[in-house]
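S.K.: Here you go, one structure.
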Amino acid sequence: MKVGIAGLGTIGKVVAAKLDAGIEGLELTAVTSRDRAKAEQNLAALSKSVPVVSAEELAARCDVIAEAVPKTAFREIAVPAMEAGRILVTVSAAGILANPDVIELARKTGGRVILATGALLGLDAVRAAAEGTINEIRMVTRKPPNALKGAPYLGQHGISVDGPNAPMKVFDGTARDGAAGFPANVNVAAALGLAGVGPDATRLEIWADPTLTRNTHTIRVDADTARFEMTIENVQSPENPGTGRITALSVVACLRGLAAPFKVGT
């Protein structure tokens with residue numbers, strides 16, 4: 001399968017390196033990036049030459065596109081991919097919520113949108129519980145203050161996360177509103193909503209916690225089939241503290257599963 005990467009930032013660079021090192025059944029064919037010069041500089045470290053092309057050409061050349069661009073650019077990548085009937089692998093649940101027509105386009109053209117697990121855990125269990133009845137689902141996100149800086153919600157509500165002396169709750173609401181207010185921080189909340197009872201019925205708390213060095217998410221689910229609680233503590237990416245290092249590897253694992261003869265998990 002020919003794979004293209006959209007965006008060569010924190011996530012895209014890791015995915016490109018893993019594909020370059022070799023994944024059975026997958027070949028890195030092209031990339032697209034708004035910063036062509038920087039993309040070409042990053043690609044120079046790979047063992048094989050990979051061209052930088054437009055989003056439309058990426059969709060024309062590739063069977064699978066790994067999307068790793070900011071939420072604001074999600075549509076620029078997703079629409080050409082779906083119009084061409086391709087597979088789009090993404091961790092941008094916030095991008096999907098903001099562009100629901102992309103799913104309808106996929107339905108018409110035979111394309112597929114696959115939301116990788118990203119920095120979360122337990123989506124298999126949540127999806128299974130959603131086949132029955134989920135009574136309540138809540139996520140509590142705790143991050144070091146530096147991981148939340150720049151979030152639109154903080155600016156809109158005059159909330160400062162500079163130097164808090166104790167854990168401070170900065171948001172309590174729905175996963176949909178949290179994903180909109182913290183688009184670079186809690187894609188995980190939107191993903192949880194899409195996996196379970198929907199982003200409007202999924203509750204979310206966000207805390208700026210100076211006692212932490214890792215981005216932490218705790219999920220609590222009460223369903224008619226099971227009650228469970230899960231916590232993950234993600235090591236921050238050096239370039240972007242709001243993104244866990246495991247996020248890029250989740251995309252790699254998802255891509256590997258597309259071509260592998262044996263796959264674990266739904």
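S.K.: Under a point spin-label approximation (7 Å from Cα along Cα-to-Cβ), what is the Ala21-Asn240 distance to one decimal in nm?
M.R.: Label-label distance for Ala21 and Asn240, simple model: 2.0 nm.
S.K.: Right, here's the next one. For segment 1-136, what does the accessible surface come to per residue with a 1.4 Å probe? Please give it in Å².
M.R.: Accessible area per residue: 46 Å².
S.K.: By the scheme Lys and Arg +1, Asp and Glu -1, what is the net charge of all other residues having a beta-carbon under 13 Å from that of Val252? Numbers along the way, then the final one.
M.R.: Numbers: positive: Lys13, Lys18, Arg245, Arg256; negative: Asp20, Glu24.
Around Val252, the surrounding residues sum to +2.
S.K.: Exceeding 23 Å between C-alpha atoms, which entries from my cross-link table qualify? They are Lys71/Lys149; Lys18/Lys149; Lys38/Lys143; Lys18/Lys48; Lys2/Lys48; Lys13/Lys71.
M.R.: On the way: Lys71/Lys149 17 Å; Lys18/Lys149 30 Å; Lys38/Lys143 29 Å; Lys18/Lys48 12 Å; Lys2/Lys48 14 Å; Lys13/Lys71 17 Å.
Listed pairs above 23 Å: Lys18/Lys149; Lys38/Lys143.
S.K.: Give me the number: length gained by fully extending Ala128 to Thr109, i.e. 0.36 nm times residue separation minus the C-alpha to C-alpha distance, one decimal in nm. Before the final figure, lay out the partial values.
M.R.: Details: separation 19, 0.36 × 19 = 6.84 nm, distance 2.76 nm.
Full extension of this stretch gives 4.1 nm more.
S.K.: With all protein chains present, how much of the accessible area of the chain (probe radius 1.4 Å) comes from carbon and sulfur, to the nearest whole percent?
M.R.: The nonpolar share, carbon plus sulfur, comes to 49 percent.
S.K.: Can you classify segment 20-92 as rounded, prolate or oblate using the Cα gyration tensor, where a ≥ b ≥ c are the square roots of its eigenvalues, rounded means a/c under 1.5, and otherwise it's prolate if a/b beats b/c and oblate if not?
M.R.: Values: a/c = 1.74, a/b = 1.25, b/c = 1.39.
In terms of gyration-tensor shape, oblate.
S.K.: Measuring with a 1.4 Å probe in the full set of protein chains, what accessible area per residue, in whole Å², belongs to segment 185-236?
M.R.: On the way: 2180 Å² over 52 residues.
I get 42 Å² per residue for this part.
S.K.: Debye sum, Cα scatterers, segment 65-109, no solvent: what log₁₀ I/I(0) at q = 0.34 1/Å?
M.R.: -1.45
S.K.: What are the extents of the Cα atoms of the chain along their three principal axes, in Å, largest first?
M.R.: Largest to smallest, the principal-axis extents are 49, 43, 31 Å.
S.K.: Scale the Cα Rg of segment 1-61 by the rule-of-thumb value 2.2 N^0.38 Å and send over the ratio, two decimals.
M.R.: On the way: Rg = 10.4 Å, N = 61, 2.2 N^0.38 = 10.5 Å.
Compared with the compact-globule rule of thumb, segment 1-61 sits at 0.99.
S.K.: Just need the Rg to Rh number for segment 118-234, please, alpha carbons only, Kirkwood Rh.
M.R.: Details: Rg = 14.0 Å, Rh = 14.3 Å.
Checking Rg against Rh, the ratio lands at 0.98.
S.K.: Using helices alone, I'd like the mean residue ellipticity at 222 nm for the chain: each DSSP H run of four-plus residues gives -39500 (n - 2.57), total over residue count, nearest 500.
M.R.: On the way: 11 runs with 94 residues, N = 266.
Roughly -10000 deg cm²/dmol at 222 nm, from the helical runs in the chain.
S.K.: Given 25 °C and 0.890 mPa s, how large is the Stokes-Einstein diffusion coefficient of segment 144-202 in µm²/s, with Rh as the Kirkwood radius over Cα pairs?
M.R.: Values: Rh = 12.0 Å.
Translational D for this selection: 205 µm²/s.
The values are calculated or read from the model by the stated rules, or taken from the named source; none is laboratory data. Being a predicted model, the structure only gives us computed values, none of them experimental. Here the Cβ is made from the backbone with ideal geometry for all residues, glycine too, and neighbour counts use every protein chain on show. Note: areas computed on protein heavy atoms with side chains; ligands, DNA, RNA excluded. Shrake-Rupley method; radii C 1.70, N 1.55, O 1.52, S 1.80 Å.
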